[in-house]
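Asks: First the structure, then my questions, so here it is.
Since every read-out is calculated from the coordinates, none of them should be taken as a lab result. All values derive from a computational prediction rather than experimental measurement. When we count neighbours, we look across all protein chains shown, and the Cβ atoms used for this are built from the backbone with ideal geometry, even at glycine.
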Amino acid sequence: YPLLLFSIGGMMLLPAANDLLTMFVALEVLSLPLYLLCGIARRRRRLSQEASLKYFLLGAFSSAFFLYGTALLYGYAGSVGLPEISGTILGITGIERTNLNEGMDFLLLPGAAMVLIGMLFKIGAAPFHVWTPDVYQGAPTPITGFMASVTKVAAFGALLRLAYIGMPGLRWDWQPVLFVVAIVTMLVGSIVAVVQADVKRMLAYSSIAHAGFLLIGILAMDVTGVRSTLFYLLVYGVTTVGAFALVSLVRTRTDDGGLGGEATRLSQWAGLGRRSPWLAGTFSLLLLALAGIPLTSGFIGKFGVFASAVDHFTTGVTHGGVIVVVFGVLASVIAAFFYVRVIVLMYFSDPIGDTTVVAVPGPLTAFAITVVAGVTILLGVYPSLLMDLTERLSLFQPS
């Protein structure tokens with residue numbers, strides 16, 4: 001619990017940080033406990049420890065990129081504050097550079113690129129996504145759900161602050177980069193997920209694809225884009241927590257009829273709709289929301305980021321908003337295939353033996369799953385309940 005609380009503290013500080021040094025400290029407070037939490041699985045210890053080691057090594061590498069980029073931006077602007085860096089880039093009167101910082105303009109682009117690479121690693125965007133499937137599969141499922149939802153929400157909050165407050169004057173440089181990264185991330189996550197035979201790895205690649213969808217909202221560089229991204233983040237986080245909570249309940253049956261480890265192979269989910277209709281039904285609802293099917297919260301989230309890109313993203317790439325949305329729709333269609341495949345497997349396939357059993361959820365787990373299912377339907381039918389909140393949250397973006 002102390003490790004989890006430390007990580008939550010870092011996540012709360014990360015999107016609220018107004019300078020790069022505080023942001024780096026928040027990243028480390030967020031990440032260091034997770035490196036340990038990934039390796040404490042009671043079963044499949046070797047896989048869990050391997051996931052922890054991979055996450056630590058690659059996470060330390062990305063943190064080094066972020067810190068070195070921070071040093072370069074300090075050399076350029078003479079400050080690590082986001083408003084000061086933005087003011088120096090835009091040449092706003094009142095932002096004074098010291099004599100030591102004069103003639104350091106060549107540090108701007110490398111510094112911004114390194115900071116951006118550090119953040120793209122944290123959100124699991126391609127080509128910095130390679131750690132995600134192994135870590136999500138090997139970590140304990142509650143920790144995986146925590147990382148896939150809360151961590152991604154915090155990291156995207158920080159990325160929004162960097163893009164809209166720290167580097168709006170560099171939009172001509174970073175927008176084309178994020179344009180390509182968003183397309184590659186959506187396609188890689190959706191296509192590779194199709195061939196996965198493990199539920200947790202499939203959801204890991206799904207989270208990669210969703211990172212690409214979320215980047216579309218950042219490209220808009222408008223209050224509408226911020227609002228749509230925040231809405232998508234919140235509904236994605238809620239849905240993902242529910243999905244991994246359900247995955248943790250599907251267990252293997254031991255020789256004496258007790259509960260074994262988690263049954264994460266897709267073949268073990270065959271016929272689950274007959275053995276546990278409530279679990280299969282709830283999981284199907286959450287998969288449809290992740291696919292962006294109408295009347296679910298996921299559809300409203302995707303529609304919002306797509307609409308904001310079409311309306312506002314025209315900088316740097318001719319008809320860029322339309323192009324990125326076309327790729328987004330294509331990736332959504334591909335993703336719908338592997339989501340529906342799991343539903344078909346649960347309802348229309350015969351179980352292989354009697355090796356899988358569904359654990360009875362505790363009161364808190366059952367309550368959380370019920371709330372997630374209700375929110376998924378409610379926000380799909382009546383999204384203004386959350387839209388009003390995200391409208392107020394988006395006001396951090398300067399006019």
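Asks: Taking Cα centroids, how far is segment 172-215 from segment 311-380 in Å?
Replies: Between the Cα centre of segment 172-215 and that of segment 311-380, the gap is 14 Å.
Asks: Kyte-Doolittle mean at least 1.0 and Cα extent at least 24 Å along the axis: which DSSP H helices of the chain qualify?
Replies: Span-like helices here: 20-37, 171-194, 199-219, 223-247, 320-348, 363-381.
Asks: Roughly how big is segment 2-396's charge dipole about its Cα centre, with Cβ charges of +1 (Lys, Arg) and -1 (Asp, Glu), in debye to the nearest 20?
Replies: Dipole about the Cα centre, nearest 20: 1060 debye.
Asks: Using +1 at the Cβ of each Lys and Arg and -1 at the Cβ of each Asp and Glu in segment 2-396, identify which of 174, 362, 231 lies farthest towards the dipole's positive end.
Replies: Positive-most Cα among the choices belongs to 362.
Asks: Same structure, new question: What's the longest piece of the chain with no exposed GluC sites (Glu not before Pro), counting a site as exposed if DSSP puts it in a loop and it has at most 12 other beta carbons within 10 Å?
Replies: Within the chain, the longest run free of exposed GluC sites (Glu not before Pro) spans 103-399.
Asks: So, one more: Let's see if you can work this out: charge +1 on each Lys and Arg Cβ, -1 on each Asp and Glu Cβ, no other charges. What is the dipole magnitude of segment 1-136 about its Cα centre, in debye to the nearest 20?
Replies: It comes to approximately 980 debye.
Asks: Would you work out the relative contact order for the chain, in percent, from Cα pairs under 8 angstrom that are 6 or more residues apart?
Replies: Taking the mean separation of contacting Cα pairs over the length of the chain, I get 16 percent.
Asks: Per DSSP H run of n ≥ 4, the term is -39500 (n - 2.57); total these for the chain, divide by its residue number, and report the mean residue ellipticity at 222 nm rounded to 500 deg cm²/dmol.
Replies: -23000 deg cm²/dmol
Asks: What does the charge dipole of segment 249-399 about its Cα centre add up to, to the nearest 20 debye, if the Cβ of each Lys and Arg holds +1 and the Cβ of each Asp and Glu holds -1?
Replies: Dipole magnitude for segment 249-399 comes out near 120 debye.
Asks: Note the listed values (i) 25; (ii) 17; (iii) 29, then indicate which one is percent of Cα pairs over 39 Å apart calculated from this particular structure.
Replies: Label of the calculated value: (ii).
Asks: Under the rule of at least 5 residues apart or a separate chain, name every residue whose amide H is placed under 5 Å from the amide H of residue 198.
Replies: 266
Asks: Exposed loop trypsin sites (Lys or Arg not before Pro) only (DSSP loop, at most 12 other Cβ atoms within 10 Å): please give the longest stretch of the chain free of them, not including the sites.
Replies: 44-399
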